[in-house]
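In what follows, a structure is listed as structure tokens, so that the remarks can point back to it.
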Amino acid sequence: MTDTKNRPFGKMLTAMVTPMLDDGELDYEGAARLATYLVDEQNNDGLIISGTTGESPTTSDDEKDRLLRAVLEAVGDRARVIAGVGTNDTRHSVRLAKAAEKAGAHGLLTVTPYYNKPPQEGLIRHFTEIADTTELPVMLYDIPHRTGTPIASETLVRLAEHPRIVANKDAKDNIGASSWVMERTDLAFYCGTDILNLPLLSVGAAGFVSVVGHIVGSDLREMIDAFEKGEVGQALAIHRRLTPVYTGMFRTQGVITTKAILNQFGLPSGPVRTPLTDASVELQALLREDLAAAGVKGPIGLAPHQAVPASAVRVERLTEGSV
């Protein structure tokens with residue numbers, strides 16, 4: 001599944017939400033259906049399971065394992081399934097990494113330890129110990145506005161020397177720093193901030209790990225393909241058309257908005273777990289306006305949590321003038 005370019009996980013990935021039932025328990029059947037939709041209808045090369053968008057802080061290790069296995073069974077033969085194993089406890093992350101390998105994951109996502117704010121040498125020890133634990137390729141996740149600690153550029157260069165640390169999900173939002181590291185390593189950079197997808201692509205990113213890919217994954221894939229063909233104007237046009245989606249889906253925490261839209265589309269989603277809260281009626285209305293502004297439509301009239309086969313639902317782009 002590796003591209004001819006340095007793309008160990010493909011070019012278009014979505015950080016998948018974790019569908020839940022009305023009582024707050026995980027919806028494993030729904031997760032399989034959502035994964036199928038994202039791969040078959042939204043043209044994703046891979047999925048991140050149990051990342052932040054998957055509400056990993058509030059799911060148990062057993063839930064993570066069952067969720068990963070359900071998604072692997074659904075799409076593991078035609079997409080990369082990457083297990084989020086990042087915590088702020090190295091030993092815990094190592095246990096999750098071993099379990100993910102046993103389940104059959106194709107790779108690991110390891111976020112910077114949060115809250116305890118380790119020094120850079122601590123980050124090196126943390127990520128190295130995880131990478132040493134399995135034979136799976138590792139994608140780092142650098143998102144300092146969530147974790148409180150950036151992975152310094154020099155640290156990324158050192159970590160890139162490890163044979164299994166092959167990629168970085170970059171949500172540092174510093175294109176200059178990202179360029180510096182890409183010039184000095186073979187790390188595949190995946191943009192982790194949707195509004196910067198095209199800018200980071202322009203300085204050498206391998207692809208995206210997206211949240212809005214739940215809704216417009218095919219458009220993002222089209223943008224990557226256009227850029228690689230040298231059709232920069234076309235890529236820019238897609239970027240600008242999707243701006244209302246980028247901004248709208250991050251009016252609040254991305255899990256909240258993504259689940260609200262998926263619920264409106266009749267796709268498996270369900271509620272969020274506390275301390276998150278479900279989107280208000282007012283926010284849902286704004287999100288419908290955001291999607292309409294970008295020319296995106298779906299079966300909005302369906303009731304939340306209504307079971308609809310993934311194969312029966314397609315998120316389409318409106319033709320110009322039909323909004």
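Go through segment 22-46 residue by residue and tally those that are part of a helix (DSSP H, G or I) and charged (D, E, K, R). Going through segment 22-46 one residue at a time, the tally reaches 3.
Given Thr14, Thr58, Thr52, Thr36, which one is among the hydroxyl-bearing types (Ser, Thr, Tyr) and touching a Leu at 6+ places or on another chain (Cβ under 6 Å)?
Numbers: Thr58 fails: touching a Leu at 6+ places or on another chain (Cβ under 6 Å); Thr52 fails: touching a Leu at 6+ places or on another chain (Cβ under 6 Å); Thr36 fails: touching a Leu at 6+ places or on another chain (Cβ under 6 Å).
Residue meeting the stated conditions: Thr14.
Number of residues in segment 218-242 that are among the hydroxyl-bearing types (Ser, Thr, Tyr) and either in contact with a Gly (Cβ under 6 Å, 6 or more places away or on another chain) or open to solvent by 50 Å² or more (accessible area, probe 1.4 Å) (or both): the value is 0. State all residues of segment 1-21 that are modelled with pLDDT under 95 and in a loop (DSSP other than H, G, I, E, B); if no residue qualifies, say none. Listed by number, the residues that qualify are Met1, Thr2, Thr4, Lys5, Asn6. The sole residue among Thr257, Thr252 that is of a type outside the set (Asp, Glu), in contact with a Leu (Cβ under 9 Å, 6 or more places away or on another chain), open to solvent by 30 Å² or more (accessible area, probe 1.4 Å) and closer than 21 Å to Glu55 by Cα is Thr252. Residue pairs whose Cβ atoms lie under 6 Å apart, separated by 6 or more positions or on different chains, with the first residue in segment 73-88 and more than 19 Å from Glu63 (Cβ to Cβ) and the second part of a strand (DSSP E or B), are Ala79/Gly46; Arg80/Gly10; Arg80/Gly46.
Does any residue of segment 81-89 turn out to be part of a helix (DSSP H, G or I), farther than 29 Å from Lys117 by Cβ and either open to solvent by less than 40 Å² (accessible area, probe 1.4 Å) or of a type outside the set (A, V, I, L, M, F, W, C) (or both)? The answer is no, given that none of the residues of segment 81-89 is part of a helix (DSSP H, G or I), farther than 29 Å from Lys117 by Cβ and either open to solvent by less than 40 Å² (accessible area, probe 1.4 Å) or of a type outside the set (A, V, I, L, M, F, W, C) (or both). Residue check: Glu25 meets all listed conditions (1) over 23 Å from Ile224 (Cα atoms); (2) open to solvent by less than 30 Å² (accessible area, probe 1.4 Å) but one, namely (2).
From the list Leu287, Leu283, the lone residue that is in contact with a Lys or Arg (Cβ under 9 Å, 6 or more places away or on another chain), part of a helix (DSSP H, G or I), open to solvent by less than 10 Å² (accessible area, probe 1.4 Å) and over 25 Å from Leu109 (Cβ atoms) is Leu287. When segment 168-203 is filtered for residues that are of a type in the set (Gly, Ala, Ser) and either open to solvent by less than 10 Å² (accessible area, probe 1.4 Å) or at pLDDT below 95 (or both), the ones remaining, listed by number, are Ala171, Ser178, Ala188. Would a scan of segment 49-66 turn up a residue that is open to solvent by less than 20 Å² (accessible area, probe 1.4 Å), in contact with a strand residue (DSSP E or B) (Cβ under 6 Å, 6 or more places away or on another chain), outside any loop (DSSP other than H, G, I, E, B) and under 16 Å from Ala103 (Cα atoms)? Yes, that holds for at least one residue. When segment 131-178 is filtered for residues that are assigned to a loop (DSSP other than H, G, I, E, B) and β-branched (Val, Ile, Thr), the ones remaining, listed by number, are Thr134, Ile143, Thr149, Ile151.
Taking segment 102-125, which residues are within 23 Å of Asp77 (Cβ to Cβ) and either β-branched (Val, Ile, Thr) or buried (at least 18 other Cβ atoms within 10 Å of the Cβ) (or both)? Correct list: Ala103, Ala105, His106, Gly107, Leu108, Leu109. In the set (1) at pLDDT 50 or above; (2) open to solvent by 50 Å² or more (accessible area, probe 1.4 Å); (3) in contact with a Gly (Cβ under 8 Å, 6 or more places away or on another chain); (4) under 16 Å from Gly217 (Cβ atoms), Lys297 fails one condition alone, (3). Of the listed requirements (1) closer than 21 Å to Lys297 by Cα; (2) part of a helix (DSSP H, G or I); (3) touching a strand residue (DSSP E or B) at 6+ places or on another chain (Cβ under 8 Å), Thr243 misses just one: (3).
Of all positions in segment 268-278, none carries a residue that is modelled with pLDDT under 95, open to solvent by less than 20 Å² (accessible area, probe 1.4 Å) and in a loop (DSSP other than H, G, I, E, B).
Residue check: is Ile130 touching a residue at least 40 places away in the same chain (Cβ under 8 Å) and closer than 18 Å to Ala205 by Cβ?
For Ile130, the condition - touching a residue at least 40 places away in the same chain (Cβ under 8 Å) and closer than 18 Å to Ala205 by Cβ - is not met.
The values are calculated or read from the model by the stated rules, or taken from the named source; none is laboratory data. Note that the coordinates shown come from a computational prediction; the quantities given were computed from them, not determined experimentally. Counting neighbours? That spans all protein chains shown, and the Cβs are built from the backbone with ideal geometry, glycine included. To get the accessible areas, we keep the full protein, side chains included, count just its heavy atoms, and leave off ligands, DNA and RNA. Shrake-Rupley method; radii C 1.70, N 1.55, O 1.52, S 1.80 Å.
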